[in-house]
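Peer 1: After the structure tokens below, expect a handful of questions from me.
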Amino acid sequence: MVTISNAHDGLIHDAVLDYYGKRLATCSSDKTIKIFQVEGDNYKLIDTLRGHEGPVWQVSWAHPKFGVILASCSYDGKVLIWKEEGDTWSNIAEHSVHQASVNSISWAPSEYGALLLCTSSDGKCSVVEFQADGSQKTIVWQAHAIGVNAGTWAPPQKENISERRIVTGGCDNLVKIWRFDAVQNTYVEEEALAGHTDWVRDVAWSPSLLSKYYIASASQDRTVIIWTKEVGEKKGAWKKQLLRHDKFPDVCWRASWSMSGNVLAISGGDNKVTLWKENLGGEWEEAGEVDQ
Amino acid sequence: MVKLCEINQTAAFAWSHDALPLIAAGTLAGVMDDTFSSDSFLKIYDPFEKADDKRLLFQTSADAKFHSLAWSKPTDTYSRGLLAAGLENNDIQLYDVGKLLKDNSTASTKLSKHSSPVLQVKFNPLQQHILASSGTKGEIFVWDTNKGSSFTPGRAMSPVGKVSSLSWNNSVSHIFASAGDTGYASIWDLKAKREVLQLTYSGVNLSVVDWHPSQSTRLVTASGSDLDPVILTWDLRNSSTPEKVLKGHRKAILSLDWCHQDPNLLLSSGKDDATMLWNPVEGKKLAEYPSLPNWVHQTTFAPRLPDVFASASLDKKIVVQTLQDTSPPVSSKVGGSNEDDFWNQISSTDTQQPVFQEQQAPAWLSRPVSATFGFGGKIAVVQTVDDKSTVKVVTIPGLETIDSSAKALADAVKKNDFSEVCKIRIEAESNFAGGKDWTLLKELLEKGPNALLEDRIGKNNDAAEEESKNVSSSSDDDFFQQLGSAKKAESVAHFTPSGDFKLFSGTDEFTNKATTKILEGQFEEALDLCVSENRILEALVLALNGTDDMKTKAKSAYFRKYAGESSLARLLYSASRENVLDVVAHGDIESWKQIARAVVAFKGSKESFDFNITQLGDRLLSSGSRDDAIACYIAGNALDKVSSIWLSELGDIEKYYLEQSNNDEKKKLSASDIRFKALGEVVEKVFVYQSTATSPSSANLENLGSAFKEYAEYLANAGQFELARETLGKVPDVVPGVKLEKERLDKVVAKPSKPAAAKYSSYATPVTSRPATFASPVVANPVSGAPAPSAFATPRNPYARTASVSGNPYAPKTAMDSLKSNPLNHGIDSAAVPPPPKLESHVSSQPPSVAKDAGGWNDIPESLGIQPPKRGSVSSSSVPSPYQVQQRSGSLRPVSRAPSIPPPPKSGSINGDAVRNPYAPSAQPVVPPTATSNFVPAPPISPQQRAVTPRAPVRNPYAPSRVDSQPLIGQQFGQFGQPLGQPLGQPLGQPLGQPFGQQYGQAGIPTPGPANFAPPRAQPSFDGNSVPPPPPLKATLPPRVEAALPPPPRPVAAAPPAAVPPPSTAPPPSTAPPPSTAPPPQSPLLQQPQPQTPISLRSSLPDRANIPDVAQPIYIVLSSELEKVKPKIPAKFGRQLLDAEKRLNILFDHLATGDLLTGPTIESLVQLSNALAKKDFAGASSLQAKISVDHAGECGDWMVGVKRLIGMAKATN
């Protein structure tokens, strides 16, 4: 276990391991991003990335086939793209179409290309495509009435890779599912899932390719809802299930599926990270707690 | 400013508590708008509605204008909350919003108690049914809206005037604050029923008050005086002085709202038309929003959506806007190039933007914790305690199921012993399709694929018997009955003509015609006649003595007629073509065992066997005999087929496990656990199967790729990196994502992966390192005796290392030591100890076994026991390399074959070798020769020969890898040892690989008998480069060899005699059969199914030494020419070169055995050879052409070889 204290001068909002699990990127209210090399119980600071003018909410590693690339989003309304070349990190691109804090970023499955989903407090989502020639193509759409807190991609469907989906969660307490419409060249709302009674803080679409889609939404209302739908079923078939029947002790800030999609980690405002698994009876069981 | 909407009304307003809040607005009292209307309306808007005309949801007229509005949170009674209005007419009006919106009713409750206009109404945040109201005359009431009752807060400390501001404490429900025109703020305690505190600040008129969102002792007040428009924060524990004084407003402050979600945010607005955002805790102004055209009398956060707030101005405006605005400054939005553009654009642009003194992110966006999964079951966690964040990377222990089942497989992989895996699985007694495969796989592990099949179908011999027993009942009745009768017929006495007979019978026209033809000797015509007359029997008899053409004709006539209905005929058809395709494809599948036996019997090449048995498997599968099909597939090495069956069962297995799990497991296990288990089942099967597969180059595993990948991902996420890597290793890179995944695993497991790396490097390093190791010895110390430097001179040659391998067994200790660390050593050792018996069996020349061997070079291991196929093939390649262009990889295959075959020659030929090997030092000969002997009968006599040394290498390709040949030799020595005396040591040493140079240097040293044994040279033929100086080697080698050598086989017996003669004789005699063998082995390799050839040759292996003197020049010249040509031929023609060589060997064989070529032909060939030697290519060509014309009957395959050689010699000259 690696423990890094005092990494930043402010709150740390996100810490993400890279594709190989060897590097850790953290970001903070101190407006910086730090890259650490993590090995066993040791860690080493590789670099500190400065450029944002506000707290950096989230970081996301691009698939290594695009290079060593990190995206970051900030309260300053900007998304910055960082690249490591040689031993140097530099800011190689900026995406600033949002008029308010950009709260989350998420790289699309690499099969789709270098697509980055950004969600903002201005109620909009944007998908930026970083093209090989260095240009960017952007699609922006109004996703939630106000404040999109989180967004992420559905795993690519084997049968139909062109069918791209996104799930977002907003301050309107809704979880929305969007499908890319190539004709309109935008993302159209496919589903608006109501269930939370307060802001949706995070959404996570399970990478598992089982026969069901699984989406976890974590909320300010201290609940986590698991939304499921049989693959191939039509609209409106999403079922909701509370991860835990009673409320969590605190706000559920973050939901993260393990790489194979069988374990869900929920981080709560009480600093606890609980792990959850669905048993064969279709019930969710707590499978332990991290670091306790 | 990001303005969401604007409501054109001068009004008091209130936000609802919905997620997407509504705004209720009531016509503001005390002001006149431009219409001077006295009408009053209550309107409800949806500020998030984009369309202006749909924004208004509800409207009703009110009895009086509004001083204030309050909207409760939803309650059980009021699902959308209760709206309270403080009216100008002294009333409080209560509206049930749900009813308003739903029924559009205007039903409301009136609370009348105030004696003056109701200036303020506020719901208690902790008890929604409690409402406080205040009026102009110091009247304050606390209402229970459920009951409509009210009470006063108690006794005031001093006379109260107008109370325009009320605020409930957010954490203590019985405390509230009030302020108005008295100059001070009052704190009331409803329990104490009195005013408990008054706040004053140096004469400032505190007219607005609001409590801290969570701390019960803190509140904020603002000045309603234009003279000193300050905002003060207080902690009641020290109520004498404010904590912070916020200055910024230019005129009286009319409204304050302390953000409920973030105490660091406070909104204020006032008579300066401004709206400002503060950090009241730090006392800082954060932003000023664009000013409105008149007093801003109210500014409020949307209670549950604090990103949004609304400001109401006396100028008929309520503006709803966002707290934050990161849009670029106006100047950058309006970028006209000329003045007109500028004015055009600016008129259409929202130029009003907030001015931010400081960007302060609201608390609600500031996530204090996080946990995200990373690769390999790691999770990155952020925790925050006391505003200090800590990051941790924690590894989540794998799931139980992954740990246990993967462990067995991991162990098995490590030990390369899968029996335990089988055992566990068998014990599990899984009862799904394929559950029994484990028994099968266990057998496979124990007996190998062929035995597995045989177990199912019975051995061929038994089969026949069994079959004959069952004949009557089987569908093949006819066949066997007839077969039986045919056998009887054989035993029938010979027919002896007796008595007279009449040639022509009067009436039968056919008989007459046929008789005539036959009498005239026109058998073919007679046959045609019979065929056309459908007299098949006669036709067949005629054909018996006729030409092949006739036979074919008769046969096809027979098949045409009978094959349709008679199964026997049909079978005969296949039999006559020695081809089971038809049977396999169309035979009655119920008799599949018999068919399978037929496939085994008519094995042909390995490929055709595989093909046929696999096809049979296909048919079995489609007929539902899954298990039998699998046995066939396994025998046919059809991994892809087997695996696709397994793969197709994945779903069933999953289902099975699902059904099998008990309640407890159902609670504990997840679908992924089951999935993983099922995947494991399939993956393990493939692992086990592959561990036995003869072909290391995994068959087409693509269809399994995704399953393997999935399995590997599970493993990786459980931290089982090594096994994950191993699993992925079986998947070809072409499967999407696999390559990256492999890289990832390699990278992640930097440490664990080292073993793997080592494994590879063991292959790789030798290539590079060897040269270094071995090169020097060559020069300095012959003894160190690594294989010829040249062999390694080609570091990049991946096969080079093998050379060393084969050399190693004999290598002096030093060399070995240097290799010790190298895993290959094991291979070497084992190689050095081949099980002799096996070799014998080869020697004893069982055609079938040969055929089998021919099937694939993979079989080598069989004879070598342990050596893995790969190595075998490699090693062979190394042999040629010293001399030839390394690229002759093409030749490698055939070579590799050799090992299995060579043994035979050896034994038989050893003597021969010694003898005929002219260059062999008497002692050395033994070794090298043997090795070489097979292929390189060095023409003894001729002095030229020596010059020809290069030839040796030529043969090398076919030379059995030294590894195995030597051991044999060793044995011979060990046993008989002595015949050669000293030399014995040498031979052994030689293989060790002395440098060429030395060879020569030594040449002659040891040995006397020049004629036959010219020692040094001999080796070249064998090992080429590696002829070590005998003496030193002796010392080191013998022991080793002995140790390494197993009990000698029979062949030895043959050897001694042979060995003896040689010394004495020169050219020789002997029987060196080997050369001829070489080619044959190839053919199977090359996949030309001609097993017979090798067999026949085998029995009479001719030795080059047997080539009569007259023909010697042919051999000498042609082989030397071939040798000259070799290095010059581009790699891409390697095949042709090989072919030519093979064909020439056929010629040499013929010469040696004297079975084909007649005197004149030989003479012509000698001429041709001489011409070639003189580089008279034209002459050689014409001679060649002449021979093929004049002696066409003798020109077989070999002639092409001669022709090619001439061509190549010419081309490379």
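The values are calculated or read from the model by the stated rules, or taken from the named source; none is laboratory data. All figures in this text were calculated on a predicted structure; none of them were measured in a lab. Backbone-built Cβ (ideal geometry, glycine too); neighbour counts: all protein chains shown. SASA here: full protein model, heavy atoms, side chains in, ligands and nucleic acids out. Shrake-Rupley method; radii C 1.70, N 1.55, O 1.52, S 1.80 Å.
Peer 1: Taking A:E39 and the conditions (1) surrounded by fewer than 21 Cβ atoms within 10 Å (Cβ to Cβ); (2) in contact (Cβ under 8 Å) with a residue 24 or more places away in the chain; (3) of a type in the set (D, E); (4) within 12 Å of another protein chain (Cβ to nearest Cβ), which numbered condition does it fall short on, given that it satisfies the others?
Peer 2: (2)
Peer 1: Pick from A:A15, A:A71: which is buried (at least 23 other Cβ atoms within 10 Å of the Cβ), farther than 24 Å from B:D325 by Cβ and either modelled with pLDDT of 95 or more or within 9 Å of chain B (Cβ to nearest Cβ) (or both)?
Peer 2: When all the criteria are applied, what remains is A:A15.
Peer 1: Look at B:L42 and say whether it is more than 60 Å from the chain's Cα centre (by Cα), assigned to a strand (DSSP E or B), of a type outside the set (S, T, N, Q) and buried (at least 22 other Cβ atoms within 10 Å of the Cβ).
Peer 2: Criteria met by B:L42.
Peer 1: Being modelled with pLDDT of 80 or more, over 30 Å from B:L267 (Cβ atoms) and within 25 Å of the chain's Cα centre (by Cα), is that true of even one residue in region B:442-458?
Peer 2: The answer is no, given that none of the residues of region B:442-458 is modelled with pLDDT of 80 or more, over 30 Å from B:L267 (Cβ atoms) and within 25 Å of the chain's Cα centre (by Cα).
Peer 1: For region B:24-56, which residues satisfy the criterion of being in contact with a Pro (Cβ under 8 Å, 6 or more places away or on another chain) and more than 14 Å from chain A (Cβ to nearest Cβ)? Steps first, answer last, please.
Peer 2: If we filter region B:24-56 for residues that are in contact with a Pro (Cβ under 8 Å, 6 or more places away or on another chain), which is where we start, we get B:29, B:47, B:55.
Correct list: B:A29 only.
Peer 1: Going by the conditions given, is B:S370 within 50 Å of the chain's Cα centre (by Cα), modelled with pLDDT of 90 or more and within 14 Å of chain A (Cβ to nearest Cβ)?
Peer 2: Considered against the rule, which asks whether it is within 50 Å of the chain's Cα centre (by Cα), modelled with pLDDT of 90 or more and within 14 Å of chain A (Cβ to nearest Cβ), B:S370 comes out as yes.
Peer 1: Output yes when any residue across region A:99-118 is touching a strand residue (DSSP E or B) at 6+ places or on another chain (Cβ under 6 Å), open to solvent by 40 Å² or more (accessible area, probe 1.4 Å) and more than 9 Å from chain B (Cβ to nearest Cβ), and no when none is.
Peer 2: No, because not a single residue in region A:99-118 is touching a strand residue (DSSP E or B) at 6+ places or on another chain (Cβ under 6 Å), open to solvent by 40 Å² or more (accessible area, probe 1.4 Å) and more than 9 Å from chain B (Cβ to nearest Cβ).
Peer 1: For residues that are part of a strand (DSSP E or B) and surrounded by fewer than 22 Cβ atoms within 10 Å (Cβ to Cβ), tally how many sit in region A:131-151.
Peer 2: Counting residues in region A:131-151 that are part of a strand (DSSP E or B) and surrounded by fewer than 22 Cβ atoms within 10 Å (Cβ to Cβ) gives 7.
Peer 1: Considering region A:263-278 alone, what residues qualify as being open to solvent by 10 Å² or more (accessible area, probe 1.4 Å), facing another protein chain (nearest Cβ under 7 Å) and polar (S, T, N, Q)?
Peer 2: A:N271
Peer 1: Checking B:P1160 against (1) over 14 Å from B:I1206 (Cβ atoms); (2) touching a residue at least 40 places away in the same chain (Cβ under 8 Å): exactly one of these is not met. Which one?
Peer 2: Going through the list (1) over 14 Å from B:I1206 (Cβ atoms); (2) touching a residue at least 40 places away in the same chain (Cβ under 8 Å), B:P1160 breaks only (2).
Peer 1: Still on this structure, I have one more. Do we find that B:D340 is at pLDDT 65 or above and under 23 Å from A:G269 (Cβ atoms) in this structure?
Peer 2: No: the conditions fail for B:D340.
Peer 1: Can you give me the ranges of the helices (runs of 4 or more DSSP H) entirely in region B:592-685 with at least 1 residues that are closer than 21 Å to B:R425 by Cβ?
Peer 2: B:626-635, B:639-648, B:650-660, B:663-668
Peer 1: Here are the criteria: (1) at pLDDT 55 or above; (2) open to solvent by 20 Å² or more (accessible area, probe 1.4 Å). Tell me which single one B:Q481 does not satisfy.
Peer 2: All conditions pass for B:Q481, except number (1).
Peer 1: While we're on this one: Taking the residues in region B:1-13 that are away from every other protein chain (no Cβ under 14 Å) and open to solvent by less than 10 Å² (accessible area, probe 1.4 Å) as candidates, determine which candidate is nearest to A:D221 (Cα to Cα).
Peer 2: B:F13
Peer 1: I'd like the residue in region A:119-135 that is modelled with pLDDT of 90 or more and away from every other protein chain (no Cβ under 14 Å) and, out of all such residues, is farthest from A:P64 (Cα to Cα).
Peer 2: A:C125
Peer 1: Counting only residues that are surrounded by fewer than 18 Cβ atoms within 10 Å (Cβ to Cβ) and under 23 Å from B:P153 (Cβ atoms), which one in region B:215-235 is nearest to the chain's Cα centre (by Cα)?
Peer 2: The selected residue is B:Q215.
Peer 1: Of the numbered conditions (1) surrounded by fewer than 23 Cβ atoms within 10 Å (Cβ to Cβ); (2) touching a Phe, Trp or Tyr at 6+ places or on another chain (Cβ under 6 Å); (3) away from chain A (no Cβ under 14 Å), B:Y656 satisfies every one except a single condition; which is it?
Peer 2: (3)
Peer 1: Let me ask something additional. Does region B:240-263 contain at least one residue that is surrounded by fewer than 23 Cβ atoms within 10 Å (Cβ to Cβ), part of a strand (DSSP E or B) and out of contact with any Ser or Thr (no Cβ under 9 Å at 6 or more places or on another chain)?
Peer 2: Looking through region B:240-263, at least one residue is surrounded by fewer than 23 Cβ atoms within 10 Å (Cβ to Cβ), part of a strand (DSSP E or B) and out of contact with any Ser or Thr (no Cβ under 9 Å at 6 or more places or on another chain).
Peer 1: Among the residues that make up region A:169-179, is at least one of them in contact with a Pro (Cβ under 8 Å, 6 or more places away or on another chain), within 12 Å of chain B (Cβ to nearest Cβ) and within 14 Å of A:A204 (Cα to Cα)?
Peer 2: So far as region A:169-179 goes, no, none of its residues is in contact with a Pro (Cβ under 8 Å, 6 or more places away or on another chain), within 12 Å of chain B (Cβ to nearest Cβ) and within 14 Å of A:A204 (Cα to Cα).
Peer 1: Pairs, please: C-beta under 9 Å, at least 6 apart or cross-chain, first residue over 15 Å from B:G587 (Cβ atoms) and in region B:556-568, second at pLDDT below 70 and open to solvent by less than 70 Å² (accessible area, probe 1.4 Å)?
Peer 2: Close Cβ pairs (under 9 Å, with a partner that is at pLDDT below 70 and open to solvent by less than 70 Å² (accessible area, probe 1.4 Å)) amount to B:F559/B:S576.
Peer 1: For region B:70-152, give me every one of the strands (runs of 3 or more DSSP E) that falls completely inside it and has 2 or more residues that are open to solvent by less than 40 Å² (accessible area, probe 1.4 Å), under 18 Å from B:D210 (Cα atoms) and assigned by the TED database to the domain that holds B:A12. I'd like the intermediate steps shown before the answer.
Peer 2: Values: elements: B:82-87, B:91-96, B:108-112, B:118-123, B:130-135, B:140-144, B:149-151.
Once the strands (runs of 3 or more DSSP E) in region B:70-152 are filtered for at least 2 residues that are open to solvent by less than 40 Å² (accessible area, probe 1.4 Å), under 18 Å from B:D210 (Cα atoms) and assigned by the TED database to the domain that holds B:A12, what remains is B:118-123, B:130-135, B:140-144.
Peer 1: Would a scan of region A:222-241 turn up a residue that is open to solvent by 50 Å² or more (accessible area, probe 1.4 Å), out of contact with any helix residue (DSSP H, G or I) (no Cβ under 8 Å at 6 or more places or on another chain) and under 16 Å from A:G169 (Cα atoms)?
Peer 2: Within region A:222-241, one or more residues are open to solvent by 50 Å² or more (accessible area, probe 1.4 Å), out of contact with any helix residue (DSSP H, G or I) (no Cβ under 8 Å at 6 or more places or on another chain) and under 16 Å from A:G169 (Cα atoms).
Peer 1: Let me ask another. Inside region A:102-120, can you point out the residues that are assigned to a loop (DSSP other than H, G, I, E, B) and under 15 Å from the mean Cα position of the chain (by Cα)? Before you say what the answer is, go through the steps one by one.
Peer 2: From region A:102-120, those assigned to a loop (DSSP other than H, G, I, E, B) are A:108-109, A:113-114; that's our starting set.
The answer is A:A108, A:P109.
Peer 1: Can you tell me which residues in region B:165-184 are at pLDDT below 90 and part of a strand (DSSP E or B)?
Peer 2: B:G180
Peer 1: Tally time: how many residues in region A:74-98 are in a loop (DSSP other than H, G, I, E, B), aliphatic (A, V, I, L, M) and more than 10 Å from chain B (Cβ to nearest Cβ)? Talk me through it step by step, then tell me what you get.
Peer 2: Residues of region A:74-98 that are in a loop (DSSP other than H, G, I, E, B), as a first pass: A:75-78, A:86-87, A:96-98.
Checking the rest, the ones that are also aliphatic (A, V, I, L, M) come to A:97.
Next, only the ones that are more than 10 Å from chain B (Cβ to nearest Cβ) stay: none.
Of the residues in that region, 0 qualify.
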